[in-house]
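Below is one structure, written out as structure tokens; the observations come after it.
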Amino acid sequence: MKSPFPYLLAAMVLVSPTLKAELPALDEKPWFGYFIGVSERKFQFGITDKGEAILQPLNSRGEILSLFNPIKFDIEILEATPNGKDVSKQIISGSLESDSPATLDPSKPIVYRGKVTGDAAFQVAFLPERGGFSVTGKITDNGSLKNPLRFSIALRFDPYAKTKLDSPKKEEEHEKKIKRDTLSFTTKGGEREKFKLTESVSLSEKFPDGCSELSFEAEGYDGTEFTVAASGESKIVLESKSTEALWHGIELRWEMSAAADPATEKLIFTAK
């Protein structure tokens with residue numbers, strides 16, 4: 001199977017000319033320039049030598065569904081400012097490092113470290129899981145920053161981002177395509193709710209306290225059910241405030257608890 005990752009990596013280099021290779025990188029095709037590469041039956045996931053994370057859904061033939069519409073997957077260090085807003089800190093070029101070699105389909109945890117603006121230091125741990133993977137991390141030094149910092153991961157499911165409904169026929173075809181698409185939640189209290197992607201819901205208002213698990217199943221992802229779970233005391237915060245139909249895409253953020261323990265708190269991503 002031909003991977004799109006080299007093309008995506010080349011695109012990132014073009015738009016980010018100041019970034020330079022930092023982590024160890026694979027030098028074999030098609031994973032050139034990747035620190036970690038994971039090939040599962042339903043998706044491909046990679047972390048580049050610059051710390052960029054890319055997740056590509058696959059169809060039933062093992063082919064990339066879309067070169068230009070991956071599942072958004074951003075590992076971020078957030079600073080809570082006095083005005084109540086979170087600011088994503090930029091990784092300092094040249095700061096990423098790891099004691100592990102670049103690896104394809106790792107069978108054991110891989111850790112890398114880095115710094116963000118303000119000289120704050122962080123650590124990321126990637127762990128293989130059955131049917132997927134998990135990620136966790138921690139702030140190891142606040143550097144010169146005085147405001148609270150936290151490790152988080154932002155995701156966006158948007159299988160129909162490139163869909164153009166510019167005619168009644170296309171609208172009708174789209175309605176038929178998405179009629180079985182669903183979005184399921186398990187709250188921190190153990191309650192379960194399920195929605196069709198044709199429904200219009202403000203998820204941030206519906207789940208103000210977040211949830212512990214979310215499953216997204218859409219024909220736009222070839223019917224694959226992607227599940228994101230928060231272990232321990234961590235949680236998934238729904239950031240989608242829009243009341244548009246859910247097929248327009250959803251945004252979420254995995255957050256660790258105040259007394260986070262990376263040994264027990266992680267984001268687990270699986271597919272079936």
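Worth pointing out:
- Rounded accessible area of Trp31 (nearest 10 Å², 1.4 Å probe): 10
- Max mean-square fluctuation residue, GNM over the chain, Cα-Cα springs under 10 Å, options Phe122, Phe207, Phe157: Phe207
- What you get for the chain, charging only the Cβ of Lys and Arg (+1) and of Asp and Glu (-1), is a dipole of about 280 debye around the Cα centre.
- Global form of the range 126-207, assessed from the alpha-carbon gyration tensor, a/c cut-off 1.5: prolate
- An ellipsoid equivalent to the range 24-159, defined through the eigenvalues of its Cα gyration tensor, has semi-axes of 28, 18, 12 Å when rounded to whole angstrom and sorted largest first.
- Where Arg130, Arg253 fall by accessible area, highest first, once all protein chains stay in place (1.4 Å): Arg130, Arg253
- Neighbourhood charge, 13 Å Cβ-Cβ cut-off, centred on Leu65 and excluding it, Lys, Arg +1 and Asp, Glu -1: -1
- Top of Ser100, Ser167, Ser240 by mean-square fluctuation, Gaussian network on the chain, Cα under 10 Å: Ser167
- Cut-off 15 Å between beta-carbons: net charge of the residues surrounding Glu193, Lys and Arg +1, Asp and Glu -1: -1
- For the chain, with all protein chains in place and a probe radius of 1.4 Å, 48% of the accessible heavy-atom surface sits on carbon or sulfur.
- Where only DSSP H runs of four or more residues are counted, the chain gives -2500 deg cm²/dmol as its mean residue ellipticity at 222 nm, each run worth -39500 (n - 2.57).
- Its convex hull of Cα atoms gives the chain a direction-averaged projected area, equal to a quarter of the hull surface, of 15.2 nm².
- Formal net charge of residues neighbouring Ala102 (Cβ-Cβ distance under 9 Å; K, R +1; D, E -1): -2
- A 1.4 Å probe, protein heavy atoms only, puts the accessible area of Phe32 near 130 Å².
- Net lengthening on full extension, Ala161/Arg192 (0.36 nm per residue, minus Cα-Cα): 8.4 nm
- Alpha-carbon centroid distance for the pair the range 137-187 / the range 212-272, whole angstrom: 9
- Mean-square fluctuations from a GNM of the chain, with a 10 angstrom spring cutoff on Cα atoms, peak among Leu96, Leu65, Leu145 at Leu145.
The values are calculated or read from the model by the stated rules, or taken from the named source; none is laboratory data. What you see is a predicted model, and the numbers here were worked out from it, not measured in a lab. Here the Cβ is made from the backbone with ideal geometry for all residues, glycine too, and neighbour counts use every protein chain on show. Surface areas here come from the heavy atoms of the whole protein model, side chains and all, with no ligands, DNA or RNA. Shrake-Rupley method; radii C 1.70, N 1.55, O 1.52, S 1.80 Å.
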